[in-house]
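What follows is one structure encoded as structure tokens, with my remarks underneath.
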Amino acid sequence: MSKEITSRKDDYSQWYNDLIIKGGLADYSAVRGCMVIKPYGYALWENMRDVLDKMFKDTGHQNAYFPLFVPKSLFEKEEENAEGFAKECAVVTHYRLKVNPDKKGALMVDPESKLEEELIIRPTSEAIIWNTYKGWIQSYRDLPLLINQWANVVRWEMRTRLFLRTAEFLWQEGHTAHATAEEAVAETKQMLEVYADFAETYMAMPVIKGVKSANERFAGALDTYCIEAMMQDGKALQAGTSHFLGQNFAKAFDVKFSDKENKLDYVWATSWGVSTRLIGALVMAHSDDDGLILPPKLAPIQVVIVPIFKGEEQKKAIDEKVSVLVKELKQAGVKVKYDDSDNARPGWKFAEYELKGVPLRIGIGARDIQNNVVEVARRDTREKKSYPMEGLADSLVNLLNDIQQSIYNKAFNFREEHITPAETWDEFVKLLDEKAGFISAHWDGTGETEDKIKELTKATIRCIPLNNTKEEGKCILTGQPSNQRVLFARAY
RNA sequence: CGGGGCGUAGCGUAGCCCGGUUAUCGCGCCUGCUUUGGGAGCAGGAGGUCGCAAGUUCGAAUCUUGCCGCCCCGACCA
């Protein structure tokens, strides 16, 4: 009867899957590694997308759209990038099917239709975009070029997980071109700030801004900046990245511009992206064993109203009250749903909207109408309280703000409690096994040491925090000198 | 790619080892009545290529072989 949700304690990853499926965010599909994003999940994505889109436009970017297919000859131009993604590319080799003469009702690939050049389904769009930019940029007057695209990409991952890693996913990718390295770096950092602001202000998910070690850097980038979030099981989740690409792509695709002195130079590039993975992050950051907990600023439904009545007469009286309230709430910019469907009783609805993470639920029945109040239930704390009808819209708006802040604080406190310094290797290993979270430790700065640590513990360097204080110390593994701590964790 | 699991009604399942009436049960769905402040009750009803294909057999959800698909764990990765 009830939609049983596996508890976090019993099986964290099953809990996650239960929330996605039973909360109605997505479904498995007939395609390996690909999911169907259901209306409720897509509404969440639309809300995230709308906010981000506005932030991008406010920082001077424009949207455009580039092809899904990338000819192999273009794809391979920036070598490092091509090699980094080579293992996970879907490749189109033919353009036609025909009826299979040996098998009735079946189709086969028409061998006659082999493409002269294979088309790569974009795992990321640098290649096709930089090939295009070559035609768009001649002069310093054409710069900066600030473009974003909302798109789907395909990465043929060995193992997939709903939202966190699917073979096809939705994302945005910004690709900018600049006249100077300084300007490109500033853009890279600016977009990192945009992402961090979005994560913290809208997702109510605290993040650590940092820079990736060379090992974890985007293929083809000189520097990869990132925001790292901590999930409730203590694992890290990379929630967004912003790359300073130097002149790598400009050189690979021969994109040059004339400066004021008529001197030719290659342009400087950035790229940055966040994906539907953010939905996975959102789910794991806040939700509990009863279902999703969504931040009010992104929730598809912020307030749900459930009528409780005996007989048509009561229902009518409730309808009247509610229609006024709904109007007020809409005027106050609140996304409200009045669920007067008759196929479920109130108790069922309560449980259902808790599962779906609706921040506030209003119960209204005959006795409330008599007292001119409603019962308001908070999803995050599960607290129930009566509120007077008078000024209710304002009270609810305040409550929504309160919830937004309160789930942020909760996530923030959790994270702070789960960042632990380690001074010795033994301590490091012990912490990884016994305490969930990030470990702050010294590292000698070499890729070899990082690889070794990963091999021994599965922990990786999540980032070198941007606001790091310099501090002398010794590498946790090799004992070599180090001048700052970095954050280690097991990651999604 | 290695290891494990699963495939029976919209969903979740029993039956399979040991072949044999009409394939089990719950949820959901339809109709009616009663209900409605935490996942309603009663009564009646509809709904099935038992993943696909071949084989064994008088007879296959059940046995054999082959295939397909999805999920989970690990290596790769956002």
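Overview of values
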| quantity | calculated |
| --- | --- |
| Lys/Arg +1, Asp/Glu -1 at C-beta; chain A dipole; positive extreme among A:51, A:364, A:139 | A:364 |
| Trypsin sites (Lys or Arg not before Pro) restricted to DSSP loop in the range A:109-166 with at most 16 other C-beta within 10 Å | A:159 |
| Residue A:106/residue A:138 FRET efficiency (R0 60 Å; Cβ-Cβ; nearest 0.05) | 0.70 |
| FRET efficiency estimate (nearest 0.05) - Cβ-Cβ, residue A:117 to residue A:263, R0 25 angstrom | 0.10 |
| DSSP-loop GluC sites (Glu not before Pro) across the range A:165-272, with at most 13 other Cβ within 10 angstrom | A:261 |
| The range A:419-489, Rg to Rh (Cα coordinates; Rh as Kirkwood inverse mean 1/r) | 0.92 |
| Mean accessible surface per residue for chain A, computed with a 1.4 Å probe while every protein chain stays in place, in Å² | 47 |
| Total formal charge among the other residues, if their Cβ is under 13 angstrom from that of residue A:179, Lys/Arg +1 and Asp/Glu -1 | -3 |
| Heavy-atom SASA rank of A:318, A:301 (probe 1.4 Å, accessible area, largest first) | A:301, A:318 |
| Residue A:395-residue A:340 FRET efficiency (beta carbon distance; Förster radius 22 Å; 0.05 resolution) | 0.50 |
| Rounded if a/c under 1.5, otherwise prolate or oblate - the range A:303-406, Cα gyration tensor axes | oblate |
| Relative contact order of the range A:8-114, defined on C-alpha pairs under 8 angstrom at six or more residues apart (%) | 11 |
| Relative contact order (percent, whole number), chain A, Cα cutoff 8 Å, 6+ residue spacing | 13 |
| Qualifying trypsin sites (Lys or Arg not before Pro) in the range A:454-486, DSSP loop, other Cβ atoms within 10 Å at most 15 | A:458, A:470 |
| Relative contact order [Cα under 8 Å, 6+ residues apart], the range A:419-489, whole percent | 38 |
| log₁₀ of I(q)/I(0) at q = 0.05, 0.07, 0.13 Å⁻¹ - chain A, Debye sum with one point per alpha carbon | -0.24, -0.47, -1.25 |
| Linear extension gain, residue A:324 paired with residue A:471, 0.36 nm per residue minus alpha-carbon span | 46.8 nm |
| The range A:409-429 residues near the modelled residue A:440 label - backbone nitrogen below 13 Å, point 7 Å along Cα→Cβ | A:415-423 |
| For the range A:5-33 versus the range A:346-361, the gap between their alpha-carbon centres in whole angstrom | 18 |
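The values are calculated or read from the model by the stated rules, or taken from the named source; none is laboratory data. Fair warning: this is a prediction, and the values are worked out from it, not measured in the lab. No Cβ is skipped: glycine too gets one built from the backbone with ideal geometry, and neighbour counts run over all protein chains shown. Accessible surface is based on the protein model in full, side chains and every heavy atom, while ligands, DNA and RNA are left aside. Shrake-Rupley method; radii C 1.70, N 1.55, O 1.52, S 1.80 Å.
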